[in-house]
Amino acid sequence: MLQQIKKKKFQKDKQKQFLTKLVSSILLFGLILYTGYSIFAIVRENSKASGLTPTITPSAQNVSTTGAVSLSFVSTANLNVGSTITFAYQSGYAGTLTTANTTINTISPSSVTINSTSGFVNNVLTVASSIPSGSTVTISTSALTTPSAAANYAFSVQTSTGDYGANFQYVGQANVVQVTGFIPITLSFVIRTVADSANTNVCNLGTATSTSVASCQYRLKVTTNAKNGYTVSMQASGGLTNSSDILTNSAPGFGGTGGTNIVPGSESYGVVVTPGNLTSSGGNITTVSLFNAGLVNSVRYDYNVPTLLLAANKSNNPAAFGATTTTSLITHNLAITPGSPSGNFTQTITYTVSPSF
């Protein structure tokens, strides 16, 4: 009988130990499940955090300037009432953020707590109105004055949900590189032969007869990088003369008319001015009215004061030789009668060029 009682007691103890272990196992498994879920939930919540690049407005500003500054970003998690956003900027900025001069999406934060770290002022803003995930969050303040030293200053943001990022405000153009260079001035003027093959200072009419027109030619060659072109003026020593006699001058031009059609047997001396083209696209050389009588007639050429002859409106870079289209042709014409005075006739023409840089 005693043995049976002991046996039953032993079985009950075994059952009790089994039940105890079973309950402990269930509790442990439940704790493991709960802990695992909690860890998963934490990881999942943290996975919502995102590195982002906020927008600073204005992105560039002058030194020592007071004005509105805003920072915008897109949230990746709900910012509920009571959530916090740390809005930080480098300590060179003057001014203090308050609930009166700062807003989060146009609504003042419920509180602003300021604490400074090395080189930064950290402003912890408490959200006063919920902002859904995926919304643009704009923090605006009118309290800041930019530093007096030009530099690139960092602004940063961090939310209590884990979003974070930073960007620059460029103060005083410290982010600007000024590239400079100098192009030397190009300017030359020579009087050339008709073929632009050599320099010349002579225009020889030869021996005049009453049965033909005596002519001689040369080119005015101007090279310049003056962007507004150049002008050419002429000045004569007087008319074509042998010291005692002056040959009859052609009539002046009148902007495409006037002048004199020089023909054999009728005494007349004058010049035809044929302006060339410019190498600059869209540029042109024009003859001023006094010397512009069209393509045939010669014009008077005895003005003894500097008189504007040609005007170019852009730069010109003719070839070194043979530039017959980018130079201006000057043609002197002389016709005489059998009764024209004899002798060696001369005239000196002086040309001057004025570039327009």
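Apart from one condition, ALA154 fits all of (1) under 30 Å from THR324 (Cβ atoms); (2) not in a loop (DSSP other than H, G, I, E, B); the exception is (1). Residue count for segment 295-318 under the criterion of being in a loop (DSSP other than H, G, I, E, B) and either touching a residue at least 40 places away in the same chain (Cβ under 8 Å) or of a type in the set (Asp, Glu) (or both): the result is 13. In segment 332-348, the residues that are at positive phi reach residues that are surrounded by 13 or more Cβ atoms within 10 Å (Cβ to Cβ) and assigned to a loop (DSSP other than H, G, I, E, B) with C-beta atoms within less than 6 angstrom, at least six apart or across chains, in these pairs: GLY343/ASN242.
Can you tell me which residue in segment 322-340 is surrounded by the most Cβ atoms within 10 Å (Cβ to Cβ), limited to those that are in a loop (DSSP other than H, G, I, E, B) and in contact with a strand residue (DSSP E or B) (Cβ under 9 Å, 6 or more places away or on another chain)? Selected residue: THR327. Of everything in segment 157-185 that is in a strand (DSSP E or B) and not aliphatic (A, V, I, L, M), the residue that is farthest from ASN122 (Cα to Cα) is TYR170. Restricting attention to segment 217-244, the residues being surrounded by 16 or more Cβ atoms within 10 Å (Cβ to Cβ), over 52 Å from the mean Cα position of the chain (by Cα) and outside any strand (DSSP E or B) number 2.
Assigned by TED's automatic domain parsing to the domain that holds SER83, without any contact (Cβ under 8 Å) to a residue 60 or more places away in the chain and polar (S, T, N, Q): which single residue out of SER135, SER140, SER148, SER118 fits that description?
Values: SER135 fails: without any contact (Cβ under 8 Å) to a residue 60 or more places away in the chain; SER140 fails: without any contact (Cβ under 8 Å) to a residue 60 or more places away in the chain; SER148 fails: without any contact (Cβ under 8 Å) to a residue 60 or more places away in the chain.
On inspection, the qualifying residue turns out to be SER118.
Can you tell me which residue among GLY256, GLY283 is at positive phi and either surrounded by 19 or more Cβ atoms within 10 Å (Cβ to Cβ) or not aliphatic (A, V, I, L, M) (or both)?
Step by step, each of GLY256, GLY283 is checked, and only GLY256 is at positive phi and either surrounded by 19 or more Cβ atoms within 10 Å (Cβ to Cβ) or not aliphatic (A, V, I, L, M) (or both).
Just to be sure, is VAL305 of a type in the set (A, V, I, L, M, F, W, C), modelled with pLDDT of 95 or more and out of contact with any Ser or Thr (no Cβ under 8 Å at 6 or more places or on another chain)?
Numbers: of a type in the set (A, V, I, L, M, F, W, C): yes; modelled with pLDDT of 95 or more: yes; out of contact with any Ser or Thr (no Cβ under 8 Å at 6 or more places or on another chain): yes.
Yes, satisfied.
Every test in (1) more than 21 Å from ALA226 (Cα to Cα); (2) part of a strand (DSSP E or B); (3) of a type outside the set (S, T, N, Q) is passed by LEU290 save one, and that test is (2). Please specify each residue of segment 191-216 satisfying the condition of being buried (at least 16 other Cβ atoms within 10 Å of the Cβ), under 20 Å from ALA320 (Cα atoms) and of a type outside the set (Val, Ile, Thr). Listed by number, the residues that qualify are ARG192, ASP196.
Counting only residues that are over 25 Å from THR66 (Cβ atoms) and out of contact with any strand residue (DSSP E or B) (no Cβ under 6 Å at 6 or more places or on another chain), segment 164-179 holds 3 of them.
Which residue, of SER148, SER140, SER188, is farther than 30 Å from VAL299 by Cα and in a strand (DSSP E or B)? Let's see the steps before the verdict.
On the way: SER148 fails: in a strand (DSSP E or B); SER188 fails: farther than 30 Å from VAL299 by Cα.
So the residue among SER148, SER140, SER188 that is farther than 30 Å from VAL299 by Cα and in a strand (DSSP E or B) is SER140.
For segment 169-221, a residue qualifies if it is without any contact (Cβ under 8 Å) to a residue 60 or more places away in the chain and acidic (Asp, Glu), but none of them does.
Report whether or not ASN316 is crowded, with 17+ Cβ neighbours inside 10 Å, in contact with a Leu (Cβ under 6 Å, 6 or more places away or on another chain) and either at pLDDT below 95 or not aliphatic (A, V, I, L, M) (or both). Talk me through it step by step, then tell me what you get.
Numbers: crowded, with 17+ Cβ neighbours inside 10 Å: yes; in contact with a Leu (Cβ under 6 Å, 6 or more places away or on another chain): yes; either at pLDDT below 95 or not aliphatic (A, V, I, L, M) (or both): yes.
Taking the combined requirement at face value, the residue satisfies it.
Entry remark, segment 245-285: residues being more than 27 Å from ALA312 (Cβ to Cβ), in contact (Cβ under 8 Å) with a residue 24 or more places away in the chain and assigned to a loop (DSSP other than H, G, I, E, B) number 9 in total. With respect to the conditions (1) buried (at least 21 other Cβ atoms within 10 Å of the Cβ); (2) of a type in the set (Phe, Trp, Tyr); (3) over 24 Å from THR224 (Cβ atoms), PHE345 lacks only one, and its number is (1).
The values are calculated or read from the model by the stated rules, or taken from the named source; none is laboratory data. A quick note: this is a predicted structure, and the numbers were derived from the prediction, not measured. Every residue, glycine as well, gets a Cβ built from its backbone with ideal geometry; the counts of neighbours run over all protein chains shown.
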